DNA sequence: TCCTAAATGAGAATAATTCTTATCAAAGAT
DNA sequence: ATCTTTGATAAGAATTATTCTCATTTAGGA
Ligand SMILES: [Mn+2]
Ligand SMILES: [Mn+2]
Ligand SMILES: [Zn+2]
Ligand SMILES: [Zn+2]
């Protein structure tokens with residue numbers, strides 16, 4: 001099952017209109033902020049409380065339904081793509097694009113299998129690729 | 001010259017006590033927030049306006065004296081280490097450690113020299129290494 | 001259908017950052 | 001050494017992002 005409802009129930013979360021629309025928003029906006037999500041939902045006339053959005057986002061992160069992504073800004077962005085991937089960050093604009101590359105992943109994992117980092121146990125390797133999008 | 005004063009004048013910035021103490025703080029705190037810097041400076045009795053700290057930090061970033069680093073939080077952290085490096089992020093705590101690895105850099109640059117990313121020109125490759133510090 | 005724990009809405013509170021404006025001071029010019 | 005000018009700083013207000021509180025509502029199992 002890949003419906004929004006099943007994603008919630010798989011995690012033992014109650015199905016509410018708010019949660020469904022937040023999840024829908026995350027899947028339809030590129031690495032959104034909480035505010036992006038609120039605006040998206042309110043376009044469709046469904047009102048939603050700001051506090052609810054933050055609360056639900058935190059719940060989703062805890063349950064592993066979404067992830068936070070890292071940025072240099074003081075605003076948190078979320079990611080609905082759970083499969084391991086990297087990101088292309090625009091140095092000009094605010095655009096962040098997903099970058100999936102299994103070959104790269106193998107190289108990285110292989111490298112750190114050989115080369116241990118003293119006193120540190122690696123859980124996840126994510127490459128931030130900064131640069132310019134051509135048009 | 002490696003003095004704090006020379007770092008400022010090399011960038012054409014006026015030498016002020018505030019700028020010197022902010023730069024000193026950055027070099028003596030591990031990836032600090034603006035608030036970390038303010039607290040550090042106020043320990044030594046020198047008072048400083050919060051707005052000044054933010055202003056100076058932004059100036060330093062613009063001039064390339066320091067860099068912002070990425071986090072999943074809504075607070076900005078700064079980095080005084082200009083040489084290219086990666087970061088170890090603790091999944092437990094707030095700790096972020098520098099990770100310098102030229103061999104890794106060569107592998108990454110080599111990989112993307114061969115494998116172009118369509119419609120994207122790479123400027124910087126930074127690996128985020130998340131995991132646990134063993135004590 | 002009922003019940004209850006969990007979720008939500010509304011608004012206050014807090015935290016992080018930016019903005020405004022009056023005053024101050026660095027540093028080049030005299 | 002003093003003057004002058006331009007940029008820097010202090011203080012506090014304003015804005016933005018997030019969290020908290022608590023009264024009300026609702027999902028979903030009994
Ligand atoms: Mn905040
Ligand atoms: Mn903010
Ligand atoms: Zn992504
Ligand atoms: Zn660093």
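The values are calculated or read from the model by the stated rules, or taken from the named source; none is laboratory data. Note that the coordinates shown come from a computational prediction; the quantities given were computed from them, not determined experimentally. Neighbour counts are summed over all protein chains in view; Cβ atoms, including those assigned to glycine, are modelled from backbone coordinates with ideal geometry.
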Worksheet entry | Single residue of the range A:22-40 satisfying the filter (touching a helix residue (DSSP H, G or I) at 6+ places or on another chain (Cβ under 7 Å) and over 18 Å from residue A:8 (Cα atoms)) that is nearest to DNA strand D (Cβ to nearest atom) | A:34
Practice prompt. Could you check how many residues of the range A:48-80 are closer than 13 Å to residue A:23 by Cβ and in contact with a strand residue (DSSP E or B) (Cβ under 7 Å, 6 or more places away or on another chain)?
Written response: 5
Discussion item. Scan the range B:8-15 and tell me whether some residue there is more than 10 Å from chain A (Cβ to nearest Cβ) and more than 10 Å from DNA strand C (Cβ to nearest atom).
Written reply: yes
Worksheet entry | Subset of the range B:84-102 [part of a loop (DSSP other than H, G, I, E, B), touching a strand residue (DSSP E or B) at 6+ places or on another chain (Cβ under 8 Å) and within 16 Å of DNA strand C (Cβ to nearest atom)] | B:93
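Would you please name the residue that is farthest from ligand 3 (Cβ to nearest atom), looking only at residues in the range A:67-83 that are assigned to a loop (DSSP other than H, G, I, E, B) and within 12 Å of chain B (Cβ to nearest Cβ)?
Across the range A:67-83, the extreme among qualifying residues is A:74.
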Fill in: Matching residues in the range B:108-126 - criterion: being more than 7 Å from chain A (Cβ to nearest Cβ) and part of a helix (DSSP H, G or I)
B:108, B:109, B:110, B:112, B:113, B:114
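Can we say residue A:63 is away from ligand 3 (no atom under 16 Å from the Cβ) and surrounded by 13 or more Cβ atoms within 10 Å (Cβ to Cβ)?
The answer is yes for residue A:63.
Test residue A:105 against the stated conditions and say whether it is within 16 Å of ligand 3 (Cβ to nearest atom), farther than 15 Å from residue A:24 by Cα and in a helix (DSSP H, G or I).
Judged against the criteria, residue A:105 is a match.
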Worksheet, complete the sentence: Restricting the range A:46-78 to residues that are more than 10 Å from DNA strand D (Cβ to nearest atom) and without any contact (Cβ under 8 Å) to a residue 12 or more places away in the chain, the one farthest from residue B:79 (Cα to Cα) turns out to be A:47
Worksheet item: In the range A:21-40, which residue that is more than 16 Å from ligand 3 (Cβ to nearest atom) and surrounded by fewer than 16 Cβ atoms within 10 Å (Cβ to Cβ) is farthest from the other protein chains (Cβ to nearest Cβ)?
Response: A:39
Practice prompt. May I ask you to verify whether residue B:43 is away from ligand 1 (no atom under 16 Å from the Cβ), more than 12 Å from every other protein chain (Cβ to nearest Cβ), without any contact (Cβ under 8 Å) to a residue 12 or more places away in the chain and within 18 Å of the chain's Cα centre (by Cα)?
Written response: no
Worksheet entry | Test result for residue A:129, facing another protein chain (nearest Cβ under 7 Å), at negative phi, away from ligand 2 (no atom under 16 Å from the Cβ) and in a strand (DSSP E or B) | yes
Worksheet entry | Residue selected from the range A:79-103 under the condition loosely packed, with under 11 Cβ neighbours inside 10 Å and more than 16 Å from DNA strand D (Cβ to nearest atom), by the criterion modelled with the lowest pLDDT | A:92
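With respect to residue A:66, is the statement that it is more than 16 Å from ligand 1 (Cβ to nearest atom) and farther than 23 Å from residue A:97 by Cβ true? Before the answer, list the steps.
On the way: more than 16 Å from ligand 1 (Cβ to nearest atom): yes; farther than 23 Å from residue A:97 by Cβ: no.
No; evaluated as a whole, the condition is false for this residue.
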Discussion item. Residues that are within 16 Å of ligand 3 (Cβ to nearest atom), touching a helix residue (DSSP H, G or I) at 6+ places or on another chain (Cβ under 8 Å) and touching a residue at least 40 places away in the same chain (Cβ under 8 Å): does the range A:88-102 have at least one?
Written reply: no
Discussion item. Please determine whether any residue of the range B:54-76 is modelled with pLDDT of 95 or more and on the phi > 0 side of the Ramachandran plot.
Written reply: yes
